[in-house]
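Read-outs throughout are calculated quantities, based only on the coordinates presented, and are distinct from any laboratory measurement. Values in this document were obtained by computation on a predicted structure and should not be read as measured data. All Cβ positions, even for glycine, are placed from backbone atoms using ideal geometry, and neighbour counts span all protein chains on display.
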4 protein chains.
Amino acid sequence: MPPLHEVAHLGHVELLTPVPEQSLEFFTRFLGMTESGREGDSVFLRAWDDYEQTTVKLTAAATSGVGRTNLRAAGPEALQRLVARVEATGRGAGWRDGDPGYGPTYVFTEPDGHEMGLYWESQWWTPPAGLAPALKNQAQARTPHGVPVRRLDHVNYLGAEVAPNRDYVRDTLGALVTEQIVLDDGTVAGSWTTFTNKGYDVVWTRDRTGSSGRLHHLAFATDTREDVLRAADLALDSGVFIETGPHKHAIQQTFFLYVYEPGGNRVELCNAGARLVLAPDWQPVDWTEAERAKGQAWGLQTIPSFHTHGTPPVPGPEAP
Amino acid sequence: MPPLHEVAHLGHVELLTPVPEQSLEFFTRFLGMTESGREGDSVFLRAWDDYEQTTVKLTAAATSGVGRTNLRAAGPEALQRLVARVEATGRGAGWRDGDPGYGPTYVFTEPDGHEMGLYWESQWWTPPAGLAPALKNQAQARTPHGVPVRRLDHVNYLGAEVAPNRDYVRDTLGALVTEQIVLDDGTVAGSWTTFTNKGYDVVWTRDRTGSSGRLHHLAFATDTREDVLRAADLALDSGVFIETGPHKHAIQQTFFLYVYEPGGNRVELCNAGARLVLAPDWQPVDWTEAERAKGQAWGLQTIPSFHTHGTPPVPGPEAP
Amino acid sequence: MPPLHEVAHLGHVELLTPVPEQSLEFFTRFLGMTESGREGDSVFLRAWDDYEQTTVKLTAAATSGVGRTNLRAAGPEALQRLVARVEATGRGAGWRDGDPGYGPTYVFTEPDGHEMGLYWESQWWTPPAGLAPALKNQAQARTPHGVPVRRLDHVNYLGAEVAPNRDYVRDTLGALVTEQIVLDDGTVAGSWTTFTNKGYDVVWTRDRTGSSGRLHHLAFATDTREDVLRAADLALDSGVFIETGPHKHAIQQTFFLYVYEPGGNRVELCNAGARLVLAPDWQPVDWTEAERAKGQAWGLQTIPSFHTHGTPPVPGPEAP
Amino acid sequence: MPPLHEVAHLGHVELLTPVPEQSLEFFTRFLGMTESGREGDSVFLRAWDDYEQTTVKLTAAATSGVGRTNLRAAGPEALQRLVARVEATGRGAGWRDGDPGYGPTYVFTEPDGHEMGLYWESQWWTPPAGLAPALKNQAQARTPHGVPVRRLDHVNYLGAEVAPNRDYVRDTLGALVTEQIVLDDGTVAGSWTTFTNKGYDVVWTRDRTGSSGRLHHLAFATDTREDVLRAADLALDSGVFIETGPHKHAIQQTFFLYVYEPGGNRVELCNAGARLVLAPDWQPVDWTEAERAKGQAWGLQTIPSFHTHGTPPVPGPEAP
């Protein structure tokens, strides 16, 4: 089934942190994001070429993890159709006021329990004088420091199971499933889904601790893969913890770097090159255990923490 | 109006050349494209990551220029709806057999007279053994020589007028108009339209000779902008004529290099970085004469031939 | 004659500016240089991987232009031999105290009147805690904002005549002449000379105003050519004036971007790729007028201001 | 002691292979090197911007490994002084005819037994018509296929001991020791030495098998680090074995990719960015075991085979 195009794209994501000041420093100084507002325990942050008000809602909390992931509908009617289908699944939690700059948001959870929101109304970002871009087809001037990240790219959830969530976004929201990890026993251990021509917007990978609702990572696109390499140098000289990379994923062929922000959440800097998924009849590419054993695209073995570290942390040993 | 998503993406484009052998050499050796078949006076050529059979249909002809531009529908029903709307405009020419690997194609012309085709059925490319990719989410092994180009990016037509064609693809095919050049007298001198999350798929710019049906250029995406720089070095050492670039366009911010293939057609190598048009309520960005006078993004003045050279050549002076 | 290797490399260069605060802002915020000290009307500035105290001595003055260019000798005996040869030419002005961090400096002028200095003693830079690099083989942490420039690359003087200066550095200082512009009448209009394996350290090009002692530009090396492209974007969004580029020079094949700092001095950001001049019997590559007429490497025509703008400005029309 | 500059640079290196046809295919098709001649069991191969006749002398042999490494003297007198010093060490083997295009070569071995040669006379490469470069300051047109490598970069020997070889090239040939690995017990386990402004030309690392005369790898410089990334993609689709990388070394900060050529010899593709060692009073940077335990620059752990694989292979287990 081709994507329905009722969800236009991934909107802003809420990230929780137990060390809000240090996390804010990471997002503004290292990632080069711009603060666009504050409300309660939250700071709103923008990547320089996202057109809406907010890319990340950074919220002080008792622990780390992911809050609500918002999805923008393609129009008001598309929003109504989406909400109707969600309601029919019994997973809806009702309408909420949107974050500043956003209209009413319909909140629900996917089967693993991650909170998601659907909205249509969105007030485009108007940069203040000092952040006005030189070219009018750009949301804001590029940040002259830090990475800087260009736009939100994707969210990668951990889930106790993968398949039910994949089915939910595919069948209820009209996502396209582009790639998957399918174990020898048939278990789907990872699923990459998209609402756009990007290879993926929302990903589920299996949580080996059996927990629900956790975050594997939140990813931001840099303008070039050279920016990912520069980010690695910058991380090195800035004391930002590099978990793995830069290297290129076999799945989706994304050039990547994984770091941890001070709150413990894993953040990916990524660049897809010119890769797009344009085919309306794209079939999921299934990767076997044997294929995964070859490592990443150029052979890098996936490091153990990639299979164990998620946020919030869970008690007990994080078994590999 | 948001894009209808009934056209999934730009399909293959037919290019005409009076020197077919030399043009073929350019496409295979310099651009690094792969021959996927021959039929009559035509050779079918592929960029390494296009998933269908053909990226360019290179056809021997009395002169240069562009033949049919094909558009893939998002599904069989979408195709029917598109054809019905085209028929209603009186511009339809009826169904034709598709090129090898493609199903029935409905042929029509836009108001300026360029031939276009709509199709749904498409047989995915299966690379022969020597061209099999190492990673299964890639259409074919990267060509180890030449640029090589990754995929078709866009076609830029010349038109006696721009606005009628823009309106046609917007209203009949559901394209999104992303950027425009609007002269001080209100004339639309250029219009960039898209069916995807790319900034543009089909472009019209005003033909200063007043002719209809001509080609400004055909563009291919490289994987990185570094590939565009490498292509410039390769062009230099290969005797390929460089018209202008590498530089970055102000409009759409594409990193570009323009060369001429031996048949006289202008070919662009381009890279958009991580830029995507994701907003469903994107409004056309209009560029004024004063803004255009600033040159390209970093100040390069547009060279005169860019305003005069089109294919096929037209008699008389190509006035600036 | 191979290079004598008595001059080890180009040391720090003094730049004059009538708007010192604005120039300082340019060097620190846009170029990403670090202040390492102040003395009198001067601020000392460092590129992140230069190992000595200073890369540029920025001095407030009535007008723009270049002050002293310093050259580090390869050792104390080499310094004595160099000074003896300079004294024998009658161009020596005697020993001076070095700038902070530098030992005694022997000052002289080349035939066109530019002031130069020779020194051996140099106190290596020890970064303060906040600027300590993560890797011990690096002078200082990379600046997390601005371009940032890695090291001083070269100085390009304007001279009423070129040949006498070329002969002077070749015969007195042991430089290697690597490339030249030789006009049809035999006049040498440009000469690139080096003391290292870089293609050039000190360059003279003919001053079409007939003036002496002026500066064409001062150049800094970025780590990659991608950094030059990023610098162009940063200049665009920061309001820094771009004169020309990015493009690649035919001469020396350097990837370049030229901007003006607020004081009016032209500054080049450059990257040579992996190019080195290793041959001890390298013969000067002479470029003819016809070859120069082809433009830069990929065909960009040299813009008129490149032939007229120098600092300090001179009265009267700057004729092309 | 500063470098004496009597050795101008690393000349061509002889590589031995038991599968000469497959190795030749690797060097020409994958690395993009050009054949410049044949003699006996050897094929001479060039990187596109090396100015001499030969970059690698590929010789069919019973096993893999490295033959003679040649060093070009800075002039005829420098050659005589070098030879006199070598003779005084008792390690000289006398004068031999040079390879085609090279003058008389004085042959000797360093303490670990690797054969080296010193020469001055060298006939510059004149490319045949089809390989003429567009720009006259370039040795040859860039190869339009394969990586292609720009020039020889360095040779990395394995040695039963490191220090004696380091002392030999430093004291007898005037090399500069730039970086070292010094174990906790004071053993020097690696030493990087240079004759140029490059960070290193000849390297010794400790052979954990206790053997003498083996090769760790031969390295070629690509023009950019993007070329290293492209090479990884090309290796992947070409079936070339990737051992590790791309990543960045902590030592010397070189961006690297290691592959094996079909004969078993390890080949590095590397790019140093704009890094140069310019200081005449550079002191060796010593890396401790604790510092090495941090992995490469961005944290990649050195893979076990990097410590065990050398050529020719030696009997018995290659213990880590």
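Structure values in brief
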quantity	calculated
Inter-part distance where region D:266-320 and region D:4-79 are each reduced to a Cα centre, Å	23
B:ASP167 versus C:TRP124: modelled label distance in nm, points set 7 Å from Cα along the beta carbon direction	7.3
Cross-link reach list, lysines versus C:LYS294, counting only Cα pairs under 27 Å and skipping chain neighbours closer than eight places	B:LYS248, B:LYS294, C:LYS198, C:LYS248, D:LYS136
In Hz, Karplus ³J(HN,Hα) per residue of region D:120-130 (6.51, -1.76, 1.60; θ = phi - 60°; x = Gly, Pro)	10, 5, 8, 8, 4, 6, 10, x, x, 3, x
Over chain A, relative contact order from alpha-carbon pairs under 8 Å, at least 6 apart, %	19
Two-site label geometry, C:SER212 and C:TRP95: point separation in nm, points 7 Å out along Cα→Cβ	2.8
Backbone N under 17 Å from the A:THR187 label point (7 Å along Cα→Cβ), restricted to region A:88-113	A:112
Rg over Rh [alpha-carbon atoms, Kirkwood Rh] for the protein assembly as shown	0.96
7 Å along Cα→Cβ, label-point gaps from D:PRO100 to other copies, nm, shortest first	4.3, 6.2, 7.6
Calculated label separations, C:ASP167, copies of the chain, 7 Å along the beta-carbon direction, nm	5.0, 7.4, 8.9
Peptide D:118-126 - average C-beta neighbours from other chains (10 Å radius)	1
Which of D:PHE108, C:PHE220 has the fewest Cβ neighbours within 10 Å, and the rest in rising order	D:PHE108, C:PHE220
Radius ratio Rg over Rh of region A:7-152, counting only Cα atoms, Kirkwood formula for Rh	0.99
Equivalent ellipsoid semi-axes - Cα gyration tensor, region A:187-312, angstrom	23, 19, 15
Tensor-based shape of chain D (alpha-carbon gyration tensor, a/c under 1.5 rounded, otherwise prolate or oblate)	rounded
5 Å binning of all Cα-Cα separations within region C:90-237, expressed as whole percents from 0 upward	2, 8, 13, 16, 17, 15, 13, 10, 4, 1, 0, 0
Inter-chain shielding of C:131-141 (mean C-beta neighbours from other protein chains, 10 Å cut-off)	6
Burial ordering of D:TRP124, B:TRP48, fewest other beta-carbon atoms within 10 Å first	D:TRP124, B:TRP48
Test item: C:145-152 mean partner chain Cβ contacts at 10 Å	3
Kirkwood-based Rg to Rh ratio, region B:141-217, C-alpha trace	1.08
